[in-house]
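The values are calculated or read from the model by the stated rules, or taken from the named source; none is laboratory data. Note that the coordinates shown come from a computational prediction; the quantities given were computed from them, not determined experimentally. Here the Cβ positions follow ideal geometry from the backbone for every residue, glycine too, while neighbour counts run over all protein chains shown.
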Amino acid sequence: MQGTLTSKTAFGGPLTIRRERQSISNQVHLRLRAAILDAKVLPGAPLSESELAVQLGVSRTPVREAIQKLEAEGLVHVLPQRGTFVALMDLALIQQSLFMREAVECAAMARLPAPLPLVVVERLDAIIRLHREAACVNDSSSVVAADDAFHRTLLELAGVPTAWRYVLETREAHRRVRVLAQSEFQTALPAAEQHAEIVTQLRAGNQAQASEALRQHIRGNLRFADDMARCHPEYFTS
């Protein structure tokens, strides 16, 4: 992971422009947003419009427009006379996002059929298998994708698929902690095993135990955030 633009791969290289699908500035925005949320550039890292334009193979105008969107989302800070920087993480915001995640996702558990049908168990097991495989090769992007798929599937099975929109928003508020914890604390494989325990309890019809396993799984992210703040206070707001 890089804290500056010295890495030529931090933002994935030149864009393949798809003019018929979305504007260039939107494509730049999505590329920069993903790089920030995936911690390919670290909190506090400086961002240069001119360097980004060169790396992405575009003019400075779409880069400037993308940075304005990122600033509105709270992912970058533009400081007059100083420059543009990746926003630091806010521990209080992370705590609030995890509170909301826990409330929504644990409530949804009570709506799941007990016990889960075999076809549903197999669907969840397949996601966990992908999660484990990605963890074993340190593929953080695939780990995040499998993690998202597991939690989204639980909400769909509970009959509240639209809740994912709000859960995803809270997950993205602490996504950088999740990604950084994978490399700092080797959390990816243990998270997959926690998912497996949730499925084991649901398979047996133990919804209360499954809900508690999910609760502890979600709260683990807060422990990771606290540990990260102690190890890297420079990544967080004071």
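Quick notes
- Evaluated against (1) touching a residue at least 24 places away in the same chain (Cβ under 8 Å); (2) closer than 22 Å to SER183 by Cβ; (3) of a type outside the set (Gly, Ala, Ser); (4) surrounded by 15 or more Cβ atoms within 10 Å (Cβ to Cβ), LEU130 falls short on exactly one condition, (1).
- Hits in the range 208-227 (condition: in contact (Cβ under 8 Å) with a residue 60 or more places away in the chain and within 21 Å of ALA192 (Cβ to Cβ)): ALA210, SER211, LEU214, ARG215, ILE218, ARG219, ASN221, LEU222, ALA225
- Consider the range 107-144 and keep the residues that are in contact with a helix residue (DSSP H, G or I) (Cβ under 8 Å, 6 or more places away or on another chain) and basic (Lys, Arg). The one that is farthest from GLN201 (Cα to Cα) is ARG132.
- Verdict on VAL63 being outside any strand (DSSP E or B), of a type in the set (A, V, I, L, M, F, W, C) and without any contact (Cβ under 8 Å) to a residue 40 or more places away in the chain: yes
- Of everything listed in (1) out of contact with any Phe, Trp or Tyr (no Cβ under 8 Å at 6 or more places or on another chain); (2) surrounded by 15 or more Cβ atoms within 10 Å (Cβ to Cβ); (3) assigned to a helix (DSSP H, G or I), the single unmet condition for TYR166 is (2).
- Failed item in (1) touching a residue at least 60 places away in the same chain (Cβ under 8 Å); (2) surrounded by 14 or more Cβ atoms within 10 Å (Cβ to Cβ), with SER141 passing the rest: (2)
- Tallying residues that are buried (at least 16 other Cβ atoms within 10 Å of the Cβ), out of contact with any Leu (no Cβ under 9 Å at 6 or more places or on another chain) and among the aliphatic types (A, V, I, L, M) within the range 30-49 yields 1.
- Within the range 30-41, residues that are free of Cβ contacts under 8 Å to residues at least 60 places away in the same chain have Cβ atoms under 9 Å from residues that are buried (at least 19 other Cβ atoms within 10 Å of the Cβ) and aromatic (Phe, Trp, Tyr) in these pairs: ARG31/PHE11; LEU32/PHE11; ALA34/PHE11; ALA35/PHE11; LYS40/PHE11; VAL41/PHE11, counting only partners at least 6 apart in sequence or on another chain.
- Whichever residue in the range 172-223 is of a type outside the set (Ser, Thr, Tyr) and outside any helix (DSSP H, G or I) and, among such residues, is surrounded by the fewest Cβ atoms within 10 Å (Cβ to Cβ): GLN186
- Just so you know, in the range 186-222 the residues that are among the polar types (S, T, N, Q) and either more than 29 Å from LEU91 (Cβ to Cβ) or not assigned by TED's automatic domain parsing to the domain that holds GLU105 (or both) include one that is farthest from the chain's Cα centre (by Cα), and it is ASN206.
- Within the option set ALA66, ALA103, being at pLDDT 95 or above and buried (at least 17 other Cβ atoms within 10 Å of the Cβ) holds for one residue only, ALA66.
- Cβ-Cβ under 9 Å pairs, at least 6 apart or on other chains, the range 152-168 side under 10 Å from GLU105 (Cα atoms), far side loosely packed, with under 13 Cβ neighbours inside 10 Å and not aliphatic (A, V, I, L, M): ARG152/PRO161; LEU155/PRO161; LEU155/THR162
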